[in-house]
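Visitor: One structure is given below, represented as structure tokens, and several questions about it will come after.
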Ligand code: CTP
Ligand code: CA
């Protein structure tokens, strides 16, 4: 009965989810990237669809396939992800579960770098745009609810709370990737939800359960 009632909570609401890693090319055969299976973003998109939302799913090259029932937009780099996100607006809520590479190689080579006797390549980096901060700080057309994720190893809640204020998002889902070995790429998540109204420490649960709980909170916030 509860799921039947919940079935329409997000009916007619457009929600954006970013997911997976980005890949920043070094040359045609090499890239740098963050570690991300895309499992949490995918589970979240699935949970939002189950509540009736119209989901735009902007994803880097993830290990897991995108859920069915979403509009999938595939990107590779952070810059492409930002463009795709901006093109998907306006939305009622935006959730940034992607593990975006913080840096790209300043001038990626069009041809494959070769090993030479002259030594190692000298890669120069440029900073990628912060997609979450860009959307959070929009003056016009900002989503009513902007949610970020923060995977931290130390001072998890403090770091994540500071991140929420720095970027200007409404909620941040702090993710303890420290003590639970293998949690990155694993099936479970240790999460603390940080909001203006306060901090909620959730018990350790599966990524699917985190997704369902978060989707319900998003639905409640939008209605
Ligand atoms: N994020 C983003 N664009 C970036 C970097 C991060 O949209 N260029 C988003 C992520 O999707 C996540 C949140 O910002 O929702 C936090 O990412 P995180 O890497 O923890 O934050 P950073 O500000 O990059 O801090 P750190 O130095 O800890 O990596
Ligand atoms: Ca980062």
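FYI, it's all coordinate maths here, none of it is from the lab. Quick caveat: nothing in here was measured; it's all calculated off a predicted structure. Ideal geometry is used to build each Cβ from the backbone, glycine not excepted, and the neighbour counts take in all protein chains shown.
Visitor: Please give the contour-minus-distance gain from residue 126 to residue 138: 0.36 nm per residue of separation, less the Cα-Cα distance, rounded to one decimal in nm. Spell out each step's value before the answer.
Guide: Numbers: separation 12, 0.36 × 12 = 4.32 nm, distance 2.31 nm.
Result for the pair: 2.0 nm of gain on full extension.
Visitor: Also, I was wondering about something else. Provide 110, 201, 190 in ascending order of the number of other Cβ atoms located within 10 Å of each residue's Cβ, fewest first.
Guide: Numbers: 110 8, 201 12, 190 19.
In order of increasing Cβ crowding within 10 Å: 110, 201, 190.
Visitor: Here's something else I'd like to know. Taking only DSSP H segments of four or more residues, each worth -39500 (n - 2.57), what value at 222 nm results for the chain once the sum is divided by all its residues, to the nearest 500 deg cm²/dmol?
Guide: Details: 6 runs with 62 residues, N = 223.
Helix-only estimate at 222 nm: -8500 deg cm²/dmol.
Visitor: Principal axes first, then extents: for the Cα atoms of region 2-222, list largest minus smallest coordinate on each axis, whole Å, largest first.
Guide: So the extents along the principal axes, rounded to whole Å, are 67, 37, 33.
Visitor: Using 0.36 nm per residue of separation minus the Cα-Cα distance, give me the extension gain between residue 154 and residue 80 in nm, one decimal. Present the calculation step by step, with values, prior to reporting the outcome.
Guide: Details: separation 74, 0.36 × 74 = 26.64 nm, distance 3.04 nm.
Answer, rounded to one decimal: 23.6 nm.
Visitor: If you don't mind, another one. Determine, for 120, 214, 113, 48, the number of other Cβ atoms within 10 Å of each Cβ, and report the residues in order from fewest to most.
Guide: Details: 120 8, 214 24, 113 15, 48 31.
By the 10 Å Cβ count, ascending: 120, 113, 214, 48.
Visitor: Full extension from residue 220 to residue 206: what is 0.36 nm times the residue separation minus their Cα-Cα distance, to one decimal in nm? The partial results should precede the final answer.
Guide: Details: separation 14, 0.36 × 14 = 5.04 nm, distance 2.13 nm.
Extra length available between residue 220 and residue 206 comes to 2.9 nm.
Visitor: With labels modelled as points extended 7 Å from the Cα through the Cβ direction, what inter-label distance (nm, one decimal) is found for residue 11 paired with residue 188?
Guide: The modelled label-to-label distance comes out at 3.8 nm.
Visitor: For a quick protection proxy, order the peptides 217-223, 205-211 by their average other-Cβ count within 10 Å, most packed first. Write down the numbers at each step before the final one.
Guide: Working: 217-223: 16.1, 205-211: 19.1.
Per-residue Cβ counts within 10 Å, averaged per peptide and sorted highest first, yield 205-211, 217-223.
Visitor: Let me ask you something else. Among 143-149, 102-108, 166-172, what's the highest-first ranking by average C-beta atoms within 10 angstrom per residue? Mind showing how you got there, number by number?
Guide: On the way: 143-149: 22.4, 102-108: 14.9, 166-172: 20.1.
Descending mean neighbour count gives 143-149, 166-172, 102-108.
Visitor: Can you put 127, 188 in order, fewest other beta carbons within 10 Å first?
Guide: On the way: 127 10, 188 15.
Fewest-to-most ranking of 127, 188: 127, 188.
Visitor: Here is a follow-up. So for the chain, averaging the separation of alpha carbon pairs under 8 Å that are six or more residues apart and normalising by length, what relative contact order in percent results?
Guide: Working: 475 pairs, mean separation 45.7, N = 223.
So the answer I get is 20 percent.
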